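A.B. asks: Below: one structure in structure tokens.
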Ligand SMILES: [Zn+2]
């Protein structure tokens with residue numbers, strides 16, 4: 001298991017829902033495993049901002065990877 005996420009290599013397994021330039025949101029279409037907990041994530045939020053605001057519902061769990069240039073948040077519902 002690696003903590004580096006290559007979205008290019010799993011592009012066909014996720015759908016890009018949103019791309020603002022600084023943030024991207026991917027929807028998991030093919031049970032891609034979260035690199036943190038190993039369970040399939042629901043969505044992945046990629047941000048190069050230092051901070052980001054998340055408003056998950058109470059039933060949502062979050063896993064987070066801080067890479068050198070970006071932060072990735074994986075949601076589980
Ligand atoms: Zn996870």
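A.B. asks: Output the residue which, of all residues in the range 66-77 that are in contact (Cβ under 8 Å) with a residue 12 or more places away in the chain and within 19 Å of residue 4 (Cβ to Cβ), is farthest from the ligand (Cβ to nearest atom).
C.D. replies: If we take residues in the range 66-77 being in contact (Cβ under 8 Å) with a residue 12 or more places away in the chain and within 19 Å of residue 4 (Cβ to Cβ), then 69 is farthest from the ligand (Cβ to nearest atom).
A.B. asks: Take residue 63 and decide whether it is touching a strand residue (DSSP E or B) at 6+ places or on another chain (Cβ under 8 Å), within 13 Å of the ligand (Cβ to nearest atom) and part of a strand (DSSP E or B).
C.D. replies: Judged against the criteria, residue 63 is a match.
A.B. asks: To continue, here is another question. Could you list all residues from the range 8-46 that are in contact with a strand residue (DSSP E or B) (Cβ under 7 Å, 6 or more places away or on another chain) and surrounded by fewer than 11 Cβ atoms within 10 Å (Cβ to Cβ)?
C.D. replies: Correct list: 31 only.
A.B. asks: Moving on. Do we have residue 49 as more than 11 Å from the chain's Cα centre (by Cα), at pLDDT below 95 and surrounded by 13 or more Cβ atoms within 10 Å (Cβ to Cβ) here?
C.D. replies: Considered against the rule, which asks whether it is more than 11 Å from the chain's Cα centre (by Cα), at pLDDT below 95 and surrounded by 13 or more Cβ atoms within 10 Å (Cβ to Cβ), residue 49 comes out as no.
A.B. asks: Counting only residues that are assigned to a loop (DSSP other than H, G, I, E, B) and within 11 Å of the ligand (Cβ to nearest atom), how many does the range 33-50 have?
C.D. replies: Count: 8.
A.B. asks: Next up: Name the residue that is nearest to the ligand (Cβ to nearest atom), counting only residues in the range 8-31 that are within 15 Å of residue 77 (Cβ to Cβ) and assigned to a loop (DSSP other than H, G, I, E, B).
C.D. replies: Checked the range 8-31; the qualifying residue nearest to the ligand (Cβ to nearest atom) is 31.
A.B. asks: Filter the range 52-76 down to the residues that are within 19 Å of residue 28 (Cα to Cα) and either at pLDDT below 90 or surrounded by fewer than 10 Cβ atoms within 10 Å (Cβ to Cβ) (or both) and list them by number.
C.D. replies: 54, 55, 56, 57, 59, 60
The values are calculated or read from the model by the stated rules, or taken from the named source; none is laboratory data. None of these values were measured; they are calculated from a predicted model. Positions of Cβ are backbone-derived with ideal geometry, glycine not excepted, and every protein chain shown enters the neighbour counts.
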